[in-house]
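Notes follow the structure.
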Amino acid sequence: MGNAFNTTLNVLLADRDRNFAEVVRGGLEEESCTVKVCFDGGSGLKQAEGHAYDVILLAYMLPVLDGIEVTKRLRLQRVQTPILLLATQDASEDLVKGLEAGADDYVPKSVGFNVLLARIRARTRSLAERSSSHMRFADLFLNAEKPDVVRAGHHIELTRTELLILECLMQSAGRVVRRNRIIEYVWKDRDISENNLDVFIRSLRAKVDRPGLPCLLHTERGVGYSIRESMN
């Protein structure tokens, strides 16, 4: 296959399905990744707490602690490593729970290894590689190099996926960005459904457009999304 990444990635994979885990491990090692495999959520949490990883792959269903709970505990400890949740089906309820817990992406196992590889590549691509400039719109500031997001003087903690979506919108501030453009920018593949993107947008809006502040993130029905000031 050749190395899909600019540098060797250190990957943590937690999945109770040993056959699936070995397939993923083998594929990632062919891409020059170093992979640590755990088969329950407790072991996965301990590994993530005690070692530095470039990306964490968590099955939604795990013994001891499920993937959602592991994600919650890591985010409470301010572990910012990108987390991809793996599930046997693309269920919107699970997607919402995963995003609320702080996961960066949600990958159905059925999509195949190549799609998983593309999602890992998208999540581990440095934001500084995507943009060298600081962006500002109204009272919203994004520093892609740190990365850091500030709205009205308050720092906002976003997942890497949310950061990339916001970056895409701020690059075209004041204009409508079509859904397919956002998907291409953030994920670099077309296996993300528009419904899934809508869930990420809702999560991002809840963090950026806090109560008492003018809304900046707008849905342009039937087209896409935009960052603009309200016309009230």
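In the set (1) aromatic (Phe, Trp, Tyr); (2) crowded, with 17+ Cβ neighbours inside 10 Å; (3) part of a helix (DSSP H, G or I), residue 53 fails one condition alone, (3).
For segment 165-176, which positions are buried (at least 16 other Cβ atoms within 10 Å of the Cβ) and either under 17 Å from residue 193 (Cβ atoms) or charged (D, E, K, R) (or both)? Of everything in segment 165-176, those that are buried (at least 16 other Cβ atoms within 10 Å of the Cβ) and either under 17 Å from residue 193 (Cβ atoms) or charged (D, E, K, R) (or both) turn out to be 165, 167. Return the residue satisfying two criteria in turn: it lies in segment 99-114 and is in contact with a strand residue (DSSP E or B) (Cβ under 9 Å, 6 or more places away or on another chain) and within 18 Å of residue 160 (Cα to Cα), and of such residues it is modelled with the lowest pLDDT. Restricting to residues being in contact with a strand residue (DSSP E or B) (Cβ under 9 Å, 6 or more places away or on another chain) and within 18 Å of residue 160 (Cα to Cα), the top hit is 99.
Among the residues making up segment 207-227, a single one is in a loop (DSSP other than H, G, I, E, B), over 20 Å from residue 155 (Cα atoms) and in contact (Cβ under 8 Å) with a residue 12 or more places away in the chain: 223.
Rundown of residues vs (1) part of a strand (DSSP E or B); (2) touching a helix residue (DSSP H, G or I) at 6+ places or on another chain (Cβ under 8 Å); (3) modelled with pLDDT of 95 or more, yes/no style:
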| site | (1), (2), (3) |
| --- | --- |
| 16 | no, no, yes |
| 21 | no, no, yes |
| 32 | no, no, no |
| 35 | yes, yes, yes |
| 48 | no, yes, no |
| 57 | yes, yes, yes |
| 79 | no, yes, no |
| 90 | no, yes, no |
| 97 | no, yes, no |
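Out of all the residues in segment 167-183, which are in contact with a helix residue (DSSP H, G or I) (Cβ under 9 Å, 6 or more places away or on another chain), in a helix (DSSP H, G or I) and not polar (S, T, N, Q)? Within segment 167-183, 167, 168, 169, 179, 181, 182, 183 meet the criteria.
For the list (1) in contact with a helix residue (DSSP H, G or I) (Cβ under 6 Å, 6 or more places away or on another chain); (2) at pLDDT below 90, I need the number of the one condition that residue 156 fails. With (1) in contact with a helix residue (DSSP H, G or I) (Cβ under 6 Å, 6 or more places away or on another chain); (2) at pLDDT below 90 applied to residue 156, the lone miss is (2). Does residue 197 meet the test of being outside the structural domain of residue 83 (by TED's automatic domain parsing) and touching a residue at least 12 places away in the same chain (Cβ under 8 Å)? For residue 197, the condition - outside the structural domain of residue 83 (by TED's automatic domain parsing) and touching a residue at least 12 places away in the same chain (Cβ under 8 Å) - is met.
The values are calculated or read from the model by the stated rules, or taken from the named source; none is laboratory data. Predicted model, so just to flag it, every value in this text is computed and none were measured. Methodologically, a virtual Cβ is constructed for each residue, glycine included, from the backbone with ideal geometry; neighbour enumeration extends over all protein chains shown.
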